[in-house]
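Have a look at the structure below before the remarks.
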Amino acid sequence: MKDTIKSIKQIAKENYSKNPLIVIILIAIVPRLVAVFFAKGYGMHDDHFWAVQYMQNALDNFDYVNSIKPDILLYPFMQFFTFWICELFNIFDPQAKMYIVRFFHSINSLLIVFLGYKITLQISTEKNAKCVGMILALLWIFPYMGVRNLVEAFVIFPVLAGIYYVLKGNNLEGSNNKFYIIAGIFLGIAFCMRFQIAFIPFGLGLAMLYQKQFKSFFILTISAILVSVLLLSIPEYIFWGKPFISLITALDVKDLASFPTSPWYMITLLIIGVLIPPMSLFWLLGYFRNWKKHLILFLPVFFFLVFHSIFPNKQERFILTIIPLFIIVCVTGWNDFIEQSKWWNKHKKIMKYNWIWFWSINSLLLLLFIFSYSKRTRVESFYHLSNKYVTGIVIETNENKSYFPPTFYLGENRNKPIYLLYENYEVTELEKQINKNENPNFIIFFDESNLQNRLNEFKIKYKCDLILEKEIEAGLLDKLLHFTNPKHNKNYTAFIYFIVI
């Protein structure tokens, strides 16, 4: 057995020496495939409703698109076509569809690892490229977020592809115009997925102008603008009768008071936390140390982070887009510094212990997240009813707060009426909602607190009996989030009852 392990290690070492990128990609595949199968559900509303539920509704009835507030269509319509292909092959089960969606996203996440390695190789050594590649392959946030339906994560690939082709054009002698055209196409696509990435090509353009790459800048800009105009004008004119309506809507930020607000330094602290201190602090020094040497990468990261630090709407997922590029600049800067530092060369053990700490904490977080079934109670309660005869579903939340039902997981029952009852509801409330619809035959109670009294109250108010169908507990991550912040993480146990009238 020992000889076998030694042989495997030797083969892996030889392959890593000869073909490091292939080995890194093979390593990156493992946690992403685990996340495809086990990281089910959704982490946040943007992870589900716009990209999944609304697109399924549009597939059921395409006129639904006209009722949606004008927004960027490029990324959500990728989901639309995924669902269309699924149904073309008679795949209608909602969980089966989401396995395919997560697998598709995991491939995109692998491309980020590939491009991260390639970009680092353009600006630095193979040693640094290996380091960056391994971090992108195994950093705890990427395999999990890589299979979520978040445009902030999905847009990373075209952003990195655009920057990679700019660097390739810069490093190539002779005719290199085609690389700037390709770069412009990718950056135009990225912009049409998420407008906030505009600060990345803005920083990139400033760096090119500073380096007097006027012709290259012009080619890049024209190609990016042409792609953006085509992708924003034609579909939006077809669906809403107004080209660029999503951009106009995005620029209309009158209701700033409704956005989640945080202090300006929240973004910096978040990145430091995500990248695990103290290594993240060392890398931050590396980012600023080589700012001039890697200006073409430094400025896009800088302007993106400055914008999100100033803008009132600060949500954690917004920073996902820039993290790979940030890691590239940070790691290359820091590694170059410690190689030249006499003090660090005399104290290599300190860095070794820091790496041990980093990978230990990262491994724990990675295992926690790739096996985490987010919003399990909401998803599983509806999925349980997807194969039942359903006339209507009552949701009793035991709180005075809005609830967004993930009806996608009801499968063929997704168009059945949902009735919402909040804390201290009146007897007439359900009757008003039912109106001319059929009486509901299922009710889901969220939260076990005071459950028996709530059951009795419902039975008395609506003169019915209740038979317990299933009890569904929250997943481990949801339980931890609820424990640490119960006010904002309402991950309660779900109790499904059949209503007998």
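The values are calculated or read from the model by the stated rules, or taken from the named source; none is laboratory data. Note that the structure is a prediction, hence the values are computed from the model and not measured. Positions of Cβ are backbone-derived with ideal geometry, glycine not excepted, and every protein chain shown enters the neighbour counts. Protein only, heavy atoms only, side chains kept; ligands, DNA and RNA dropped before computing areas. Shrake-Rupley method; radii C 1.70, N 1.55, O 1.52, S 1.80 Å.
Overview of values
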quantity	calculated
Qualifying helices (runs of 4 or more DSSP H) (wholly inside region 303-380; at least 2 residues being under 22 Å from the mean Cα position of the chain (by Cα))	323-340, 348-370
Tally, over region 436-479, of residues that are closer than 23 Å to Y383 by Cα and within 34 Å of the chain's Cα centre (by Cα)	18
Residue, modelled with the lowest pLDDT, within region 50-66, restricted to residues that are in contact with a helix residue (DSSP H, G or I) (Cβ under 9 Å, 6 or more places away or on another chain) and open to solvent by 20 Å² or more (accessible area, probe 1.4 Å)	N66
Checklist (1) touching a helix residue (DSSP H, G or I) at 6+ places or on another chain (Cβ under 6 Å); (2) open to solvent by 20 Å² or more (accessible area, probe 1.4 Å); (3) more than 18 Å from Y144 (Cα to Cα); (4) not basic (K, R) applied to I350, failing item	(1)
Among (1) crowded, with 19+ Cβ neighbours inside 10 Å; (2) more than 25 Å from Y42 (Cβ to Cβ) - the single one K292 does not satisfy	(1)
Condition broken by Q315, with the remaining ones in (1) open to solvent by 40 Å² or more (accessible area, probe 1.4 Å); (2) closer than 20 Å to I156 by Cα; (3) out of contact with any Pro (no Cβ under 9 Å at 6 or more places or on another chain) satisfied	(3)
Close pairs from region 296-313: first over 18 Å from L284 (Cα atoms), partner open to solvent by 10 Å² or more (accessible area, probe 1.4 Å) and β-branched (V, I, T), Cβ under 6 Å, at least 6 apart	P312/T261
Counted residues, region 210-244 - those being more than 22 Å from N171 (Cβ to Cβ) and either of a type in the set (G, A, S) or in contact with a His (Cβ under 8 Å, 6 or more places away or on another chain) (or both)	3
First in region 175-195 and among the basic types (K, R), second anywhere and open to solvent by less than 10 Å² (accessible area, probe 1.4 Å), Cβ under 6 Å, 6 or more apart	R194/V155
Those residues of region 468-501 which are surrounded by fewer than 15 Cβ atoms within 10 Å (Cβ to Cβ), modelled with pLDDT under 80 and not charged (D, E, K, R), in sequence order	F483, T484, N485, P486, H488
Subset of region 173-213 that is outside any helix (DSSP H, G or I) and under 22 Å from F326 (Cα atoms) - its residue that is least open to solvent (accessible area, probe 1.4 Å)	R194
Check on E448, among the charged types (D, E, K, R), out of contact with any Asp or Glu (no Cβ under 8 Å at 6 or more places or on another chain), part of a loop (DSSP other than H, G, I, E, B) and under 26 Å from Y42 (Cα atoms)	yes
Residue in region 405-428 that is open to solvent by 70 Å² or more (accessible area, probe 1.4 Å), touching a residue at least 60 places away in the same chain (Cβ under 8 Å) and under 30 Å from I141 (Cα atoms) present	no
Which listed residue is of a type outside the set (K, R) and either open to solvent by less than 10 Å² (accessible area, probe 1.4 Å) or within 13 Å of the chain's Cα centre (by Cα) (or both), from I141, I107	I141
Selection within region 154-166 - hydrophobic (A, V, I, L, M, F, W, C) and open to solvent by 10 Å² or more (accessible area, probe 1.4 Å)	F154, F157
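Residues are listed down the side, and each one gets a yes or a no for (1) among the β-branched types (V, I, T); (2) at pLDDT below 85; (3) over 21 Å from E473 (Cβ atoms):
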position: K388; (1), (2), (3): no, no, no
position: E399; (1), (2), (3): no, yes, no
position: K416; (1), (2), (3): no, no, yes
position: E438; (1), (2), (3): no, yes, yes
